[in-house]
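A quick write-up on the structure given underneath.
The values are calculated or read from the model by the stated rules, or taken from the named source; none is laboratory data. Quantities reported herein were computed from a predicted structural model and do not represent experimental measurements. Cβ coordinates were reconstructed from backbone atoms using ideal geometry, including for glycine residues, and neighbour counts include every protein chain displayed. In case anyone asks, the SASA skips ligands and DNA or RNA and just uses the protein heavy atoms, side chains included. Shrake-Rupley method; radii C 1.70, N 1.55, O 1.52, S 1.80 Å.
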Amino acid sequence: MKTWLLQHYAAFSGAVRRLCAAPLNSLLSLLVIGIALTLPAGGWVLLENLRALSNDAHAQQISVFLDAKAGQKEAEAIRQRLNARAPGPWHFVAREDALKRLESDAEMKTLLDSLPGNPLPDAFIVEPLDASPAALETLAGEIRQWPSVAHVQLDSAWIQRLDALMRIGKRAVLLLAGIFAAALVAVTFNTIRLQILAQGAEIEVARLIGATNAWVRRPFYYFGALEGMLGGLFAALLVDIATRLLAQPVNELAILYGGNFSLAPLSSPEIGALALIGATLGWLGAQLSVSLYLYRLE
């Protein structure tokens, strides 16, 4: 066991020395890998922020307006139905509270004063936990059948458009990720191939004196994984810089529209996942390159 650990330590140390021996080449490789991972990672951050923005905009709300003649007894019956259905958080808006909110606007107050009474009904605002368009439509259709419910408002067309855009965005990010993953594997493959060619004589001598294929593969595996991991961390740094640069303009734009939204950067688990993906793709490129070389030797 100790010998096995020493062999892995030696292979890892050799990979680190190779990275440090040619700093310019290593930097250029990390730059290529980082850019290849930055685009899909940036797309993922954009999608997650759009999802958060849609939640903040209350796109998932269902407004349930009661009949104008409905009283406390009917409102209590709706409360019980909502508690039994448990679609998600909800709150009751009394017609008096809604009237006071409208009267805070001077123009609306003038209009309301001309009316003989309070024209607003009691309402329930429901925020369903399942925000998929199909689930929202099903819930809205069910509530419409309840007694004393005069109108159920759900901007289903807007939600469907948003859901379609999110699905297109996800597929675009996956497509970009697949393309740039292939590019990353190709970059690592070529880098390892050049290293193998430079050390070809050394490898052949080592095989003649009993070196196994695993011993030959191990340093290149570590080099590919280490290069990919550092490239993933570099991509996370680029995404974080871009997020910080865009945070203030986005926040100012949100304020102009009466909101309070700020861009969320990559979380620690997401940064770890990006580094792991980079290491896996780097290892895969090294695996392909070394396997091809050993196959030709044999």
Checking residue 68 against (1) at pLDDT below 70; (2) open to solvent by 50 Å² or more (accessible area, probe 1.4 Å), the condition it does not meet: (1)
Residue among 115, 120, 129 that alone is modelled with pLDDT under 65 and not in a helix (DSSP H, G or I): 115
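Taking the residues in segment 17-31 that are more than 32 Å from the chain's Cα centre (by Cα) and not small (Gly, Ala, Ser) as candidates, determine which candidate is surrounded by the fewest Cβ atoms within 10 Å (Cβ to Cβ).
Kept after step one, since they are more than 32 Å from the chain's Cα centre (by Cα), are these residues of segment 17-31: 17-18, 20-24.
Subsequent filtering for residues that are not small (Gly, Ala, Ser) retains 17-18, 20, 23-24.
On the way: 17: 11, 18: 21, 20: 9, 23: 9, 24: 7.
Looking at the filtered set, the residue picked out is 24.
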Any hit, segment 243-251, residues being modelled with pLDDT of 85 or more and open to solvent by less than 70 Å² (accessible area, probe 1.4 Å): yes
Residue that is surrounded by the fewest Cβ atoms within 10 Å (Cβ to Cβ) [pool: residues in segment 266-298 that are outside any helix (DSSP H, G or I) and without any contact (Cβ under 8 Å) to a residue 40 or more places away in the chain]: 298
Residue 5 vs. criteria over 33 Å from the mean Cα position of the chain (by Cα), over 30 Å from residue 166 (Cα atoms) and at pLDDT 80 or above: no
For residue 263: the one exception among (1) crowded, with 21+ Cβ neighbours inside 10 Å; (2) not in a loop (DSSP other than H, G, I, E, B): (2)
Tally, over segment 204-241, of residues that are at pLDDT below 85, among the aliphatic types (A, V, I, L, M), surrounded by fewer than 18 Cβ atoms within 10 Å (Cβ to Cβ) and assigned to a helix (DSSP H, G or I): 4
Selection count, segment 32-44, where residues are within 21 Å of residue 166 (Cβ to Cβ) and surrounded by fewer than 20 Cβ atoms within 10 Å (Cβ to Cβ): 3
Failed condition for residue 170, given (1) of a type in the set (D, E, K, R); (2) at pLDDT below 80; (3) more than 28 Å from residue 76 (Cβ to Cβ): (2)
Test result for residue 180, in contact with a Leu (Cβ under 7 Å, 6 or more places away or on another chain), open to solvent by less than 90 Å² (accessible area, probe 1.4 Å), outside any strand (DSSP E or B) and at pLDDT 85 or above: yes
Test: residue in segment 18-37 that is at pLDDT below 80 and either over 30 Å from residue 282 (Cβ atoms) or not in a helix (DSSP H, G or I) (or both): yes
